[in-house]
Amino acid sequence: MSDFKTIENSTAGMNVSSQAFENARFISLLKNLKYLLIGRNNELLSFEKIKKGFGLYKQASLRVQVVPVEDIVGSFERYRDFDKFFLPKKNHLQYRWAHIHNLLVRDVILPPVKLYKVSEIYFVVDGNHRVSVSKKIGVRFIDAEVIEFLTDANITREMDPKDIFIQIEREKFLNITGLKLNRPDIKTRITSPGQYDVLLGQINKLMVQLNENRKDGEKLISFKEASLIWYDDIYLPAIEVIKNYGILEKFPNRTKTDLYIWINEHKRYLSLKYGREIVIKFAANDFLLRYRKNPFRRIKLKLINFKYKIMKSIYGSK
């Protein structure tokens, strides 16, 4: 009779845990719909993308420690199985998830999970279901074997994934150009993904122009040398113009580097429009006059860039 009662309680417990899984799946679907409607990403962070982006390789074992569950925001291999809240996305996860849920709600002690740490966030190497269930039932801390990957990047769980990947793009830009070493006090910050490629394109164009003007026998300028010339003679003077014109104050949600890119796109558009090279001061002033009081300036800026691309395709680059 006692054994039958135990089996009955166990079955009832698994039924409750299966219902908890269905509830978690339903919440995940609702969150996914919400994020789709507002145009945001509801995916769990991939450790491999972070590792590759920041070039992580140095490790330090932190042994077993207590980790805040809310700081676990990614996975090594299972980032497609759970959403950014670690809710299950796939039906095939049900049996394992419900089994772990049943154990945890009965206060059964489970082995430590295995985590990778990068800056202030953690990625699950082993124990994805345990982390998922722990988050769902409100567990605040979890025992974990932790290996840390050392980096200068400052990443926290509050950061939007977009901002993390912008940091990756910045790190790539600084390493490719050599500016991280040659100009250690460099301060560039961009708020939109993909814009560091615009800067790399400017430097590459400058390098080509400089080398075209080299005399026979003269040593060609390398990309890193061109990067220094671009930074000292083009970027910094343009930033001074932006500061002197007070443009940043008119665009409080943007950075100096954002405005540098926008104004340079505007400069190229004006150069095509007037058929002659426009200086950065004129472009900055015209940019300010056109957009400082316009609530739809972002849309118009996109239209200008689109017009520039059309004109460029017709007339060729200047």
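FYI, it's all coordinate maths here, none of it is from the lab. Predicted, not measured: the structure shown is a model, and the values here were computed from it. Cβ atoms come from the backbone with ideal geometry, glycine included; neighbour counts cover every protein chain shown.
Data for the structure
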read-out	value
Gyration tensor (Cα) of the chain, equivalent ellipsoid semi-axes in angstrom	52, 23, 16
Among 133-141, 104-112, the order from most to least packed when residues are scored by Cβ within 10 Å on average	133-141, 104-112
Paramagnetic reach from Asp143 in region 97-136 [backbone N under 11 Å; point 7 Å along Cα→Cβ]	109-113
Top of Ser271, Ser132, Ser75 by mean-square fluctuation, Gaussian network on the chain, Cα under 10 Å	Ser271
Computed FRET value (nearest 0.05) for Asn182 with Asn15, which takes r as the C-beta separation and R₀ as 51 Å	0.20
Prolate/oblate/rounded label for region 67-137 (Cα gyration tensor, a/c 1.5)	oblate
Val73 long-range amide H proximity, modeled H, under 5 Å	Tyr122
GNM result for the chain, Cα springs below 10 Å: residue of Leu181, Leu288, Leu206 fluctuating most strongly	Leu181
For the chain, share of DSSP beta bridges that run antiparallel, in % to the nearest 5	60 percent
Cα-based shape type of region 19-98, given that a ≥ b ≥ c are square roots of the gyration tensor eigenvalues and the cut on a/c is 1.5	oblate
Inter-label distance, nm, simple model (7 Å from Cα along the C-beta direction), Lys52/Lys215	4.7 nm
Estimated dipole of region 167-263 in Debye, rounded to 20 [Cβ of Lys and Arg +1, of Asp and Glu -1, Cα centre]	220 debye
From phi via Karplus (6.51, -1.76, 1.60), per-residue ³J(HN,Hα) for region 266-277 in Hz, x at Gly/Pro	5, 4, 5, 4, 5, 5, 5, 5, 9, x, 8, 5
DSSP-defined antiparallel bridges as percent of all bridges, region 2-149, nearest 5	60 percent
Shape call, region 2-149: gyration tensor on alpha carbons, a/c limit 1.5	oblate
Under 5 Å, built H, 5+ apart or other chain: amide partners of Leu62	Val146, Ile147, Glu148
Under 5 Å, built H, 5+ apart or other chain: amide partners of Ile142	Val67, Val69
